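Here is the structure we will look at, set down as structure tokens.
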Amino acid sequence: MRPWTLLGVLSLLAAVPDALAVKQADFKTCSQAGFCRRGRALSARATEAGKSWNSPYSVDVPSISIAPNKAVFTAGVKSSLYPEIQFGLELRVHDDGVVRVRMDEVNGLRKRYDEAASWALISEPVVSEEIQWVAGKKDIRAKYGNGNEVVVAFEPLKVSLLRGGKEQVVLNGNGLLHMEHFRTKTPAATGTEEPEPAAEEGSEQVVLETPANPRAWFEGDKEDDWWEERFSSWTDSKPKGPESLSIDISFPNHATIYGIPQHATDLALPTTTGESPTFSEPFRLWNSDVFEYIASSPMSLYGSIPILHAHSADSTVGIFHAVGSETWIDVSHPTDKSTQTHWISESGILDIFLMPGPTTDEVFAQYARLTGTQVLPPQWSLGYHQCRWNYISTDDIRTVQKRFDEEDMPVDVFWLDIEYSEDHKYFMWEERGFPDPVEMTNDVAAVERKMVVIVDPHLKRADNYPVYKEASERGVLVKPASGDGEYEGWCWSGSSSWIDFFNPGAWAWWKDLFKPTKLASGTWSWTKSTTDIHIWNDMNEPSVFNGPEISMPRDNVHFNGWEHRDVHNINGMLFSNHTWQAVRERTNPPERPFVLTRSFFAGSQRFGAMWTGDNLGTWEHMAVGIKMVLANSIAGMSFSGSDVGGFFGNPEPEMLVRWYQVGIFNPFFRAHAHLDTKRREPFLLDEPYKGMIKDLLRLRYTMLPVWYTAFRETSVAGVPVLRPHYVVFPKDTKGFTVDDQYFIGSSGLLVKPITDKGVTQTKVYLPESQVYYDYFSHLVYRGSSKGREVKVNAELHQVPVLIRGGSIIPTRERPRRSSPLMRNDPFTLRVALSKTGSASGELYLDDGVSYSHESGEFVWRRFGATTEKKVVTLTSRDLGAENKDAAVDGVALVAYNPTKNAFAESIAAVRVEKIVVLGLAGKPSSVKLDGKELVWEFTPGVAASGKEKESAVASVLSIKDPRVRVVEDWAIQIAL
Ligand SMILES: *[C@@H]1O[C@H](CO)[C@@H](O)[C@H](O)[C@H]1NC(C)=O
């Protein structure tokens, strides 16, 4: 959201190309950022020099020190250009095989920011005690695990991770490592002449190739924006001078890379250096509020996760660079089989984690052990969220709720955007429209629904705003470049200041604000609220309307004197962390909070959900939203979604229906709309669209058990809720670029939402010799191990959903107004037999709101189907009891408590009301539970006719009320 919209300067819906031009100019290109320009110029010089290019950095061998019995070594590093400057290198091999490489300047003029990892990591990783470093003449190396080896070459410095002798990741293999050391401004540099204007894109600086001047040969021959930098009307004072960090990270045996969200682009990252498909700018990580962002661009968006997966049919490896400053990443492919990336950061230390895989699941687990998993959300937050900027009054909310109920459309959450608050002083209700907020919330909560209300980080500088006053008195606001007083900027609330969450002095106070009761301490708290209100943190990049690139000046000062430039990308995470804790601790015992954040960093998955920000109501944005959600998912942020309908614009009914089809298959499912758009709540549509959307909402609700089960898995194992093809079929090279269809958890549901106008049919890619069933029509599709595309019907009322043969899908099919009302509803099981007649599936349940699951109060079942001697046996087993320690070691151990389990007792009577078996070879002769015949019905399959391979229909056995309960073990025999 941006101020122009309110000021009416820009017409939102018209002239998108003009709007794009306006927006792009607000944000820097690489050539407009001094350090990025320097980094790219370094790379250009290296390319030009070819083989003669030599990294000046080398390990100072006598300084090597190896910790006794530990896989840690430290060494000094020198640059031949500046022999007087010292750098320190440290390598640690963690006990799960992850290698951490750190390098910092030692005894420098100043200290580089080295705390990014401390915010991202859940704890200090355990270092292996088994691995021994072996130092040789040219390198030091350690072998470990399944054929892994890490090698640090001394001169020049190069760090490689190998597996089976093959290079997986190489740092500084191309000699682009450069840690600009702190220096004093020399008289020459203070001269009157301006640094030359930014080099035009594509042009290179003159290279002095005199060996006599190796510094110029390596660094360039001028102090390009070292001491001060301008952009548009802003000047960055850069008091610390140049301190950027450049490093090349190569994957010599991996042709495809994924990650570094968030960007509006393909999941398999395009190149940025002129090859095709390509961008010409590097991918940028600088959390930004980008107005009407472009649907295909390497530009920065609201969040940054500096993680990459490099993938080949042989292995997956990952890297995570714990850096919180602005970072640009060039991507290129030196050969068909390899990938090279070049990371250029404005400040901070080098702190890179090499995650050896070798499978995608292991990379997910390795990353989860570092930064934590997606926190298990309250179950209701997987329902439908209805948002709009703005619902204008408590009565407006009541009317919207009534209309949903009249149309029998399920919804769990109503949202309030900024206009609920008086003058955008968050927490303060705008009394005319919202005279009775507590009563409104109670009305919503009467059917177990919730409210989500926005709380942004900018505080109106007003004496009548207790939140600002108290923050100011405590001295916990971000400071301007001078380091004194309060930074003042412009945002929704007019003249505003920002809480500095890097200051621990803000933490307890912030948490207290959300208490719905009066505090003994006498500090202000939100008494006009209830524990049914959860929170939306927007604008936390932070967005500052009158700041450089719509954010804070980089020379602003945070706690401990760190500059904003050092911590910018981490900033938004600290805000959502403390809001999450605040909401959690409103009650005793705590309840699971829901917090949505726009800005995020590595680790933000621990604090809730994110969404892809202010998207446009266009087909392109609908399509790229899917790719963005997939990219966020593989980077740890599973609880993500893009706004249904698009924030800007008035989508036509067809587009809106398709957008709901996308939305119901996003982990986070919210409809949202801009202030200037026409109302578009689903009940406002005409038929047939209204009925279609109602069916989609209900479909989402029937599948909530699938979603919740997938969230359990991600919360303990790190493997994402949405799984793109390379994750599920890591050896299928054709699927590496597939990013418009994906699987939901381990359920076997494969979806391909339609994101084009006028579609009646689509192709779904099936890379295995397995049968897939259409979820609705039971049409049968056969894949091939060579990869095959099958035609699937996709008229407007149809969303392509296939069940992978071998899966069992648990659903709850009774329509309810909200998801908590389904807690005692019976289950339906869809058993989709594989081509060999087997299937399995999981169901995880707990109370959905408390933390009692952490002490073992949950139900976790495995359903199975096996075929032996013409008998198909369906079973239900207690996975909780069998897998006491089923979590990935060290990630999140959940101990199951089979004896004292109040939750399981509370749903003891819940039945399985129907079992549908797809793909039986023929009509059964009997279907029995404990020797007694059950009530069932069989519809024979239809063989494929003629050449149309897709016309076969599966046989369907429908067992009605099989008299089994969901918490019990049971076995049903189907005799053929
Ligand atoms: C979250 O907050 C706690 C204190 O409330 C703090 O210890 C922790 O470092 C914070 N983490 C992040 C990522 O903000």
About the Cα centre, charge dipole magnitude for region 539-606 (Lys/Arg +1, Asp/Glu -1 at Cβ), debye: 300
Pairwise centroid distance, computed over Cα atoms, of region 414-449 with region 685-733, Å: 31
Normalised contact order of region 421-474, rounded percent, pairs of Cα under 8 Å and 6 or more residues apart: 27
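Provide K166, K143, K238 ordered by accessible surface of protein heavy atoms (probe 1.4 Å), highest first.
Numbers: K166 90, K143 145, K238 10 Å².
Listed by decreasing accessible area, they come as K143, K166, K238.
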Set K479/K515; K402/K678; K138/K158; K757/K791 screened for pairs whose C-alpha atoms are more than 21 Å apart: K479/K515
Solvent-free Debye scattering, log10 I(q)/I(0), computed from the Cα coordinates of region 730-975 at q = 0.13, 0.17 Å⁻¹: -0.92, -1.34
Bins of 10 Å, starting at 0 and running to the largest distance - Cα pair percent for the chain: 2, 11, 20, 24, 20, 13, 6, 2, 0, 0
Crossing angle, helix 360-371 versus the chain [Cα axis fit, 0-90 degrees, rounded to tens]: 60
Cysteines (scope the chain) whose Cβ has no counterpart Cys Cβ under 4.7 Å: C387, C491
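Please list D443, D26, D643 in order of solvent-accessible area, largest first, computed with a 1.4 Å probe with all protein chains present.
Values: D443 70, D26 40, D643 0 Å².
My answer, sorted largest first, is D443, D26, D643.
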Area accessible to solvent at F559, 1.4 Å probe radius, in Å²: 80
The chain - mean residue ellipticity at 222 nm from DSSP helices (-39,500 (n - 2.57) per run, n ≥ 4, rounded to 500): -5500 deg cm²/dmol
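Can you give me the convex hull volume of the Cα atoms of region 609-652, divided per residue and expressed in Å³? List each step's numbers first, then the result.
On the way: hull volume 2.3 nm³, N = 44.
Hull volume normalised by residue count: 51 Å³.
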Dipole of the chain, positive direction: furthest Cα of F600, L177, V859, with charges on the beta-carbon: V859
Difference of contour (0.36 nm per residue) and Cα-Cα distance, R877 to L929: 17.2 nm
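So if I place +1 on the C-beta of Lys and Arg and -1 on the C-beta of Asp and Glu, and nothing else carries charge, what would the dipole magnitude of the chain be about its Cα centre? I want it in debye, nearest 20. Let's see the in-between values first.
Values: 103 positive and 126 negative charges, 657 e Å.
Around 3160 debye, computed over the chain.
At 1.4 Å probe size, with every protein chain present, just tell me what the per residue accessible area of region 730-975 comes to in Å². It would help to have the intermediate numbers written out before the result.
Working: 10960 Å² over 246 residues.
Result: 45 Å² per residue.
Quick one: net charge around A902, please, counting Lys, Arg +1 and Asp, Glu -1 for every other residue with C-beta under 13 Å from its C-beta.
Numbers: positive: K900; negative: D846, D847, E857, E905.
Around A902, the surrounding residues sum to -3.
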For region 571-581, Karplus couplings with θ = phi - 60° (6.51, -1.76, 1.60), whole Hz, Gly/Pro x: 3, x, 5, 5, 5, 6, 4, 6, 5, 4, 5
Residue order for E362, E243, E430 - accessible surface, 1.4 angstrom probe, largest first: E362, E430, E243
Residues D676 and A49, FRET efficiency given R0 of 56 Å [Cβ-Cβ distance, rounded to 0.05]: 0.55
Fraction of accessible area attributable to carbon and sulfur, the chain (%, probe 1.4 Å): 50
Cβ-based charge dipole, the chain, positive-most Cα from W562, I907, I329: I907
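Quick check: net charge around P590, other residues with Cβ under 14 Å of its Cβ, Lys/Arg +1 and Asp/Glu -1?
Details: positive: K511, K515, R584, R586, R592; negative: E585, E591, D847, E854.
Net charge around P590: +1.
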Selected from L81, V98, P125, residue furthest toward positive end of dipole (region 72-142; charges at beta carbon): L81
Centre separation in Å (Cα based) which lies between region 333-394 and region 796-856: 26
Cα-based equivalent ellipsoid of region 339-427: semi-axis lengths in Å, sorted from largest, via gyration tensor: 43, 22, 11
Difference of contour (0.36 nm per residue) and Cα-Cα distance, L519 to S945: 146.0 nm
FRET efficiency estimate (nearest 0.05) - Cβ-Cβ, W490 to K185, R0 30 angstrom: 0.40
Degrees separating the helix 16-25 axis from the principal Cα axis of the chain, which is the longest one: 40
Label-to-label distance, nm, for residues given as D221 and E129 (7 Å Cα→Cβ offset): 5.8
Mean separation of Cα contacts under 8 Å (6+ apart) over length of region 730-975, as relative contact order %: 17
Accessible surface of S43 - all protein chains present, 1.4 Å probe, nearest 10 Å²: 30
Per-residue SASA entry for Y851, accessible area with 1.4 Å probe, Å² rounded to 10: 40
Residues K138 and N69, FRET efficiency given R0 of 22 Å [Cβ-Cβ distance, rounded to 0.05]: 0.35
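With Cβ to Cβ distances under 11 Å as the rule, what net charge do the other residues near A117 carry (K, R +1; D, E -1)?
On the way: positive: R100, R102; negative: D114, E115, E124, D351.
Taking every other residue near A117 into account, the sum is -2.
The values are calculated or read from the model by the stated rules, or taken from the named source; none is laboratory data. Not measured: the values here are computed from a predicted model. All Cβ positions, even for glycine, are placed from backbone atoms using ideal geometry, and neighbour counts span all protein chains on display. When the accessible area is computed, the model is the full protein with side chains, heavy atoms only, and any ligands, DNA or RNA have been set aside. Shrake-Rupley method; radii C 1.70, N 1.55, O 1.52, S 1.80 Å.
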